[in-house]
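Inspection log for the structure reproduced underneath, given as structure tokens.
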Amino acid sequence: MQASGADMEHSFLAPDGIEILPFALPGLAHLSCVEGRIPPRPEPYPVHMHGALEQVTYVLAGRVTVETWDAAANAVSRFDAGPGEAFVTLPGQTLSYANAGPETARVLFICAPAYPPDDADTRLVDAHRAPTAEDRDWLLARHRAAAGAFASILGGRVRTISSGGATSV
């Protein structure tokens, strides 16, 4: 085992246009951890939601303005977050970022279950709002897929442990 830094060589753009830099963290199956880079720009990044994953966003550097749907208030919630601050986004909760500058904001995204490499758990939406009936169908499908993947991972680990193997598979 060794420490890993954010991997510039394997960076990619998330569906909302934010640059994502993965960490090489072998054996991590239940959650993912990546660095997001959010450059300043005049307009906010697109509104999106996640299907099954819970996301913790921890600000490493810079400042971001966050807008999200607050189901309890039935309204958009807006706040700023800076270095050392964190917030949670739950499945089906809309989210968007803005960065008025002057520097690129760097954030750590910690997601459980692990973020799928095909972006299947992210859906761009038209505005901050409660999930529609179509969104709820998608959310249910994503939760079922996550439950199946989780069961498969645990089943493999149970078999490995039962046969006398190490748990870090």
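Odds and ends about this structure:
- Taking the criterion of being free of Cβ contacts under 8 Å to residues at least 60 places away in the same chain and more than 13 Å from LEU53 (Cβ to Cβ), the residues of region 79-116 that qualify are PHE79, ASP80, ALA81, GLY82, PRO83, GLY84, GLU85, ALA86, PHE87, THR94, ALA98.
- Options THR94, THR65, THR104; residue that is of a type in the set (Ser, Thr, Tyr), touching a Pro at 6+ places or on another chain (Cβ under 6 Å) and under 20 Å from GLY17 (Cα atoms): THR104
- Out of PHE150, PHE87, sole residue that is closer than 24 Å to LEU28 by Cα and under 16 Å from the mean Cα position of the chain (by Cα): PHE87
- SER152 vs. criteria hydroxyl-bearing (Ser, Thr, Tyr) and in contact (Cβ under 8 Å) with a residue 40 or more places away in the chain: no
- Residues located in region 42-80, provided they are within 13 Å of the chain's Cα centre (by Cα) and of a type outside the set (Val, Ile, Thr): HIS48, MET49, HIS50, GLY51, ALA52, LEU53, GLU54, GLN55, TYR58
- In region 97-142, residue surrounded by the fewest Cβ atoms within 10 Å (Cβ to Cβ) [restricted to those that are in contact with a Leu (Cβ under 8 Å, 6 or more places away or on another chain) and among the β-branched types (Val, Ile, Thr)]: ILE110
Rule-based calculations on the coordinates, nothing more; no lab input. Note that the structure is predicted; figures quoted are calculated from it, not measured. Note that we place each Cβ from the backbone using ideal geometry, even for glycine, and neighbour counts take in every protein chain shown.
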